[in-house]
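The values are calculated or read from the model by the stated rules, or taken from the named source; none is laboratory data. These numbers come from a predicted model, not from an experiment. Quick reminder, even Gly has a Cβ in these numbers, built from the backbone with ideal geometry, and neighbours come from all protein chains shown.
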Amino acid sequence: MTGSETTAPNRPRRALVLGASGFVGSHVVRKLAERSPDPARDVRVYLRRTSKTIAIDDLDVERCYGDLYDGEALRAAMADRDVVYYCVVDTRFYLRDPSPLFETNVAGLQRVLDIAADADLHRFVFCSTIGTIALGDGRTVVNEDMPFDWGDRGGPYIESRRQAEELVLRYVRERGLPAVVMCVSNPYGPRDWQPMQGMLIQNAAYGRIPVYVKGVSTEVVGVEDVADAFLLAGEHGGIGERYIISETYMSMREMFEIAASAVGARAPRFGVPLAALYAGAWTVDKLGRLLGPVLRRPVPMNTTGVRLLHIMPPADHSKAVRELGWQPRPAAESIAAAARFYVENRGRITPR
């Protein structure tokens, strides 16, 4: 199935953003607000009362409060909306008990889909991950048509995201949900107030990374370009289609050099083998298990996290360019902007 509407509406689509306080979600909100003559009417966000909203506090948008368990609040938030942007995700790949990943990424999503399927929407734009795209042989450029072939190499986090994406596509087939799936790679850019993916760039900007890992490359994209792609999908993305939202394949060394150069920090000059990173992650994980009762929180690194740093092959984003009209800027510009943001806001960024 594909969408038939390709012309702009007479007025901006009225949008609801779930996950609006997160990195991707907040940038979607910002793009929507920038493009609306009346964001207080056209842009609605759905938040928990406890959400940290520094990323959108300067915007005049409508706020609704609730969580994924509150069906009444979700229905009210979705009422009179044309497009729902779903940017809720638990990315904590390092959890020893993976049940929260499946509760948020799959069960919570299904509660939203049940409501969205009856909401007469123009589009439901779902934030998925490039981790649902095939690995292939590790060298061939992959695309949306290649079947998922990770096995268990991505751990519970990737499995929860794969199940979530399949759930969305099932609602397209069985309930007529006008959903578009966005397979987003590693996003970087400014206004990253609670870095997760951006922690490596943050530390490179602070001059805290002494070495890079040899032979490690991954797909990267600017977060503002991700938001642009979401708005395009919300207007005329193909219903039931998946789109790779990534700009380029970049080495860890190049990422660190770009970040350091942007702020005048010292870039790491020496490379270490990937095996050393695995050994370090294994050690940290074992210590975390021993010290867990003392630390009272899991250590955010394990061997699965290392694997996710380097396992993805190069990906082809030409479908998003061709069908959405997406024109991403060089991701290097966004990495440099992220580094400058981290340095300029060093005392205000909240660690996870």
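The residues listed here are 275, 229, 267; of these, the one that is surrounded by fewer than 18 Cβ atoms within 10 Å (Cβ to Cβ) and assigned to a helix (DSSP H, G or I) is 275.
Among the residues making up the stretch 198-226, those that are over 17 Å from residue 269 (Cβ atoms), part of a helix (DSSP H, G or I) and either touching a Ser or Thr at 6+ places or on another chain (Cβ under 8 Å) or polar (S, T, N, Q) (or both) are 202, 223, 224, 225. Here residue 67 qualifies as surrounded by fewer than 21 Cβ atoms within 10 Å (Cβ to Cβ), under 22 Å from the mean Cα position of the chain (by Cα) and under 15 Å from residue 112 (Cα atoms). The residues of the stretch 336-352 that are closer than 15 Å to residue 27 by Cβ and under 18 Å from the mean Cα position of the chain (by Cα), listed by number, are 337, 338.
When the stretch 298-308 is limited to residues that are in contact (Cβ under 8 Å) with a residue 40 or more places away in the chain and out of contact with any Leu (no Cβ under 8 Å at 6 or more places or on another chain), the one that is nearest to residue 181 (Cα to Cα) turns out to be 308.
Residues that are assigned to a helix (DSSP H, G or I) and either over 16 Å from residue 19 (Cα atoms) or among the polar types (S, T, N, Q) (or both) within the stretch 77-99 comprise just one, 99. Looking at the stretch 74-99, which of its residues are surrounded by 16 or more Cβ atoms within 10 Å (Cβ to Cβ) and of a type in the set (A, V, I, L, M, F, W, C)? 74, 77, 78, 83, 84, 87, 88, 89, 93, 95 - these are the residues of the stretch 74-99 that are surrounded by 16 or more Cβ atoms within 10 Å (Cβ to Cβ) and of a type in the set (A, V, I, L, M, F, W, C). Please find, among 91, 104, the residue that is closer than 29 Å to residue 156 by Cα, of a type outside the set (Lys, Arg), modelled with pLDDT under 95 and within 23 Å of the chain's Cα centre (by Cα). Within the list 91, 104, the selection yields 91. Here the stretch 13-51 is the region considered, the condition is being assigned to a helix (DSSP H, G or I) and among the β-branched types (Val, Ile, Thr), and the residue that is surrounded by the most Cβ atoms within 10 Å (Cβ to Cβ) is 28.
Of all the residues in the stretch 300-329, those that are within 18 Å of the chain's Cα centre (by Cα), more than 27 Å from residue 240 (Cα to Cα) and in a loop (DSSP other than H, G, I, E, B) number 1. Of all residues being among the basic types (Lys, Arg) and over 29 Å from residue 14 (Cβ atoms) in the stretch 100-156, which is surrounded by the most Cβ atoms within 10 Å (Cβ to Cβ)? Just the residue, please. Once the filter is applied, the top-ranked residue is 153.
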